[in-house]
Amino acid sequence: MDHFLGSNIKHLRKIRNLTQDQFADKMAVKRSLIGSYEEGRAVPKLAVLRSIALYFDVSIDNLVNRDLSLEENTDNLAHTPDIGGKGLRVLTTIVDRDNKEQITLVPVKASAGYTRGYTDPDFIETLPKFNLPLPELQNERTYRAFQIKGDSMEPIPSGAYIICEYLQNWKEIKDGRTYILLTYDDGIVYKRVYMQDNSTLLLKSDNPEYDPYTMPLNTVMEVWKALGYICFSLPEPDDTSLRKLTSMVYKMQDELEKLKKKE
């Protein structure tokens, strides 16, 4: 790897007025590792390298191959989203004894760790993994299961496991479909996604109590297309929804009667 990496990390850290201790805390690594990176005695793992590039808002290519100390500013070196997946995008997977790729499970309690270690084989190895012998899942595809939390995507309940297919080319995002996004700022999110342009996504919840919001594509690290879900919360038999609908109809009838009387 080019010798500019260490000097660039040191240069950009000083621009931000960060000590090695402070920067190490932000990257969730030991301070001694930051010193090793800057002195060229060690090379960051891919996950750490990606975090450094995102934090300083530069591309990995520029961080490694250009002397950024010669640049007047780094605004024109910002990370641009690799929508087509042609650049550096490495997915760590686990296979069984028969060399068949397994489905890795990311439970809620591992979500924060996955954000930092999604490219680290050692971390991925610690996650639960399983096989689903279902005809809907093809052998040549990569699948992962993410446990969701909260009520923003009801009627899918909190705690459900979303079975997903890895999306290498983000141009294949279909407006209105649901996806799991691994993001630099918000961690793991499950939303209906709309591609606004080549730099911005619009994210919507199925629960109308939550407002839609936009997300810059350069803060997205992985995209997973939702295929289905597994849930261990069985619905109880009741007529709550029917009662609510009946009540709404009666209220509408009352409002119409009031309008007629005013006429």
Point to revise | In region 59-94, residue modelled with the lowest pLDDT [restricted to those that are surrounded by 13 or more Cβ atoms within 10 Å (Cβ to Cβ) and of a type in the set (Lys, Arg)] | key: ARG89
Review point. So how many residues does region 119-142 have that are at pLDDT below 90, surrounded by 12 or more Cβ atoms within 10 Å (Cβ to Cβ) and either in a loop (DSSP other than H, G, I, E, B) or not assigned by TED's automatic domain parsing to the domain that holds GLU222 (or both)?
Key: 2
Check your understanding: Any residue in region 105-118 that is in contact (Cβ under 8 Å) with a residue 60 or more places away in the chain, assigned to a loop (DSSP other than H, G, I, E, B) and either surrounded by fewer than 16 Cβ atoms within 10 Å (Cβ to Cβ) or under 19 Å from the mean Cα position of the chain (by Cα) (or both)?
Key -> yes
Review point. Here is a list of conditions, (1) under 21 Å from GLY159 (Cα atoms); (2) part of a strand (DSSP E or B), and THR214 meets all of them except one; can you say which number that is?
Key: (1)
Check your understanding: Of the residues that sit in region 5-31 and are within 12 Å of TYR55 (Cα to Cα) and not hydrophobic (A, V, I, L, M, F, W, C), which one is surrounded by the most Cβ atoms within 10 Å (Cβ to Cβ)?
Key -> ARG13
Revision key, fill the gap. Residues in region 201-211 that are over 15 Å from ASP82 (Cβ atoms) and in a strand (DSSP E or B) total 3
Check your understanding: For residues in region 182-196 being under 17 Å from ALA47 (Cβ atoms) and hydrophobic (A, V, I, L, M, F, W, C), which is nearest to the chain's Cα centre (by Cα)?
Key -> LEU182
Check your understanding: Hey, any hits in region 206-217 for a residue that's outside the structural domain of LEU54 (by TED's automatic domain parsing) and within 20 Å of GLY228 (Cβ to Cβ)?
Key -> yes
Study note, to complete from the structure: Scanning region 49-58 for residues that are in contact with a Ser or Thr (Cβ under 9 Å, 6 or more places away or on another chain) and surrounded by fewer than 20 Cβ atoms within 10 Å (Cβ to Cβ), the one farthest from ASP186 (Cα to Cα) turns out to be ASP57
**Study point:** Search result, residues across region 180-217 that are of a type in the set (Val, Ile, Thr) and modelled with pLDDT under 95
**Key:** THR183, THR200
Review point. Of all helices (runs of 4 or more DSSP H) completely enclosed by region 18-60, which ones contain at least 3 residues that are within 21 Å of the chain's Cα centre (by Cα)?
Key: 46-56
Practice item. For THR126, indicate whether it is in contact with a Pro (Cβ under 8 Å, 6 or more places away or on another chain) and polar (S, T, N, Q). Key: no
Practice item. Collect the residues in region 1-17 that are of a type in the set (S, T, N, Q), closer than 25 Å to ASP185 by Cβ and in a helix (DSSP H, G or I), keeping them in residue-number order. Key: ASN8
Practice item. Could you check how many residues of region 143-189 are farther than 16 Å from ILE83 by Cα, of a type in the set (Lys, Arg) and assigned to a loop (DSSP other than H, G, I, E, B)? Key: 1
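The values are calculated or read from the model by the stated rules, or taken from the named source; none is laboratory data. Treat the numbers as computed from the prediction; the structure is a model and nothing was measured. Glycine also receives a Cβ, built like all others from the backbone with ideal geometry; neighbour counts cover every protein chain displayed.
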